[in-house]
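Working notes, structure below.
The values are calculated or read from the model by the stated rules, or taken from the named source; none is laboratory data. Computed from a prediction, not measured in an experiment: that's the story for all the values here. So basically every Cβ, Gly included, is an ideal-geometry build from the backbone, and we count neighbours across all protein chains shown.
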Amino acid sequence: MLRFRGGHLVAAATLAAMLAAASPAVGSNAPPSFDAARSAGPDLPLSSAPGLGREMGRRPISAGRLARRLGELASRAPGASGYYVYDLGAKRKPVLFDRGEKDRRKLASNEKLFTTATALHELGAESRIETRVKVDGEVGKSGRLKGDLYLVGAGDPSFGPAGTDDLAKDVRRAGIEKVSGVVYGDDSVFDRRRGVPDSGYGPSEYIAPLSGLVYAGSTYAEDPAIAAAKAFREELRREGIAIDGKVKVGVLPGSLRAEPEIGSYESEKIAALAAATNRPSNNFYAEMLLKRLVARPGKVGTTRAGVKVVERYARSLGSKVDARDGSGLTDGNKSSPRDVVGLLTGVRRGDEVGDPLFDSLAIAGKEGTLADRMEGTPAAGKCRGKTGTIDGVSNLSGYCKSGGDVVAFSILMNGVSDYEGARAIQDDMVVQIAKYRR
């Protein structure tokens, strides 16, 4: 039996490579890309026509006609489905379509909308995550460090070769030519639980191991902090710095916390990390950002604490979510179509999160998990969304630039057996939304 779990997992070496591709490169350690997967089950009835959205051309449609067409399409979907479509610019009757909109349903990767919106709000769209190098010991006149180096992680999911290269150069510029001690990888900013509730917080085939210090998208082969420290040691050697000691996981002594670092490397902006999460539906990035929400001096980042922040932020926007993780891998992540749209509309009304969240989403017919969907239709390049697929679930929520403004929508389909058919209905619905004119 084919088992669907969440969105794409990427073991990419750099964030830039992730954002450049319409769908992420998957390394040898990465599990399958489930949001892009297809199932050909026969249980969801479809018309023999290529699709209602395509069948009815490109002419603009009114709110009334849109509601009728969405109703026709909804009648073909699984019974455990809900819909909510909202015109943000309408002064009267902004709700364009609603059916089963109040019932909570499994979110799958639509949970990432709540996670990334909260990260953008709490951490700041323009902020970055800093990985640092600190010294425990004295540097002699000969450039010999009589002591240890600490590579101190801060939960940057994108840390990789560019980071270790820059930090090794920083060490060289600090005048260090030889290290007599150990190169430590400090991952203590997060707890050491590698997975999510779905896997009992242990290792999972659907997500790379989580850690406060990772390298190149994390690895299944060994402790992520060890992998990062080893990569850093190799870069130091390439810079001509001799290393006598081994690589270990260790926590920077408290007495050195306030001491200046000799090197630092900043991630891309949180807005870019949100895009690297949502466009390809990256489970690993979502879970790392979730833990980062609560990580600070004296407080370790955890999944359980992170979801409380997500729920609180949703409530501040008039929305509700039962969050269990950051990616949507766990069945317990639930919300209603109306509350998903509540999030999507709330961030665009007085919150600086609105534009970066919009920009982070996959683009119909162009990029991300929607690159091969709705191509050549009125929705292509005009609608953005977040897909979501786990066992029995196929969801799509997002925005369309239509109606003279922006329309937010949420289509949550539970009880799905024909994933291809479910996506066809979702696509036709979004095409109709794209054609709407107030």
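With the requirement that a residue be polar (S, T, N, Q) and surrounded by fewer than 23 Cβ atoms within 10 Å (Cβ to Cβ), what does the range 149-203 give you?
Ser180, Ser188, Ser199, listed by residue number.
Here's the yes/no breakdown for (1) more than 13 Å from Asp156 (Cα to Cα); (2) under 28 Å from the mean Cα position of the chain (by Cα):
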| position | (1), (2) |
| --- | --- |
| Phe190 | no, yes |
| Ala208 | yes, yes |
| Gly217 | no, yes |
| Glu222 | yes, yes |
| Arg238 | yes, no |
| Asp244 | yes, no |
| Ser255 | yes, no |
| Glu259 | yes, no |
| Thr277 | no, yes |
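Of all the numbered requirements in (1) buried (at least 24 other Cβ atoms within 10 Å of the Cβ); (2) farther than 21 Å from Phe97 by Cα; (3) among the aromatic types (Phe, Trp, Tyr), Tyr419 misses one, and that requirement is (1).
Being farther than 26 Å from Arg304 by Cβ, in contact with a helix residue (DSSP H, G or I) (Cβ under 6 Å, 6 or more places away or on another chain) and assigned to a loop (DSSP other than H, G, I, E, B) holds for only one residue in Ala90, Ala77, and it is Ala77. Taking the range 304-344 as the range and being among the charged types (D, E, K, R) and either closer than 19 Å to Asn282 by Cβ or in the same structural domain as Arg194 (by TED's automatic domain parsing) (or both) as the test, the residues that pass are Arg324, Asp325. Every residue in the range 80-97 that is touching a strand residue (DSSP E or B) at 6+ places or on another chain (Cβ under 9 Å) and of a type outside the set (Ser, Thr, Tyr), please. Once the filter is applied, which keeps residues that are touching a strand residue (DSSP E or B) at 6+ places or on another chain (Cβ under 9 Å) and of a type outside the set (Ser, Thr, Tyr), the range 80-97 yields Ala80, Gly82, Val85, Asp87, Leu88, Gly89, Ala90, Lys93, Pro94, Val95, Leu96, Phe97. Scanning the range 98-115 for residues that are in a helix (DSSP H, G or I) and in contact with a strand residue (DSSP E or B) (Cβ under 9 Å, 6 or more places away or on another chain) yields Ala108, Ser109, Asn110, Glu111, Lys112, Leu113, Phe114. Within the range 270-290, residues that are on the phi > 0 side of the Ramachandran plot sit with their Cβ atoms under 8 Å from residues that are of a type outside the set (Lys, Arg) and in a helix (DSSP H, G or I), at 6+ positions apart or across chains, in these pairs: Ser281/Asp35; Ser281/Ser109; Ser281/Gly368; Ser281/Thr369.
The test for being touching an Asp or Glu at 6+ places or on another chain (Cβ under 7 Å), crowded, with 23+ Cβ neighbours inside 10 Å and modelled with pLDDT of 95 or more does not hold for Ala229. The single residue among Ser142, Ser188 that is part of a loop (DSSP other than H, G, I, E, B) and at pLDDT 95 or above turns out to be Ser188. Can Ala119 be described as assigned to a helix (DSSP H, G or I), under 22 Å from the mean Cα position of the chain (by Cα), at pLDDT 95 or above and not charged (D, E, K, R)? In short, yes. Only residues that are among the polar types (S, T, N, Q) and surrounded by fewer than 22 Cβ atoms within 10 Å (Cβ to Cβ) were counted across the range 268-311, and they come to 1.
Residue count for the range 43-82 satisfying the condition of being at pLDDT below 85 and either at negative phi or of a type in the set (Val, Ile, Thr) (or both): 14.
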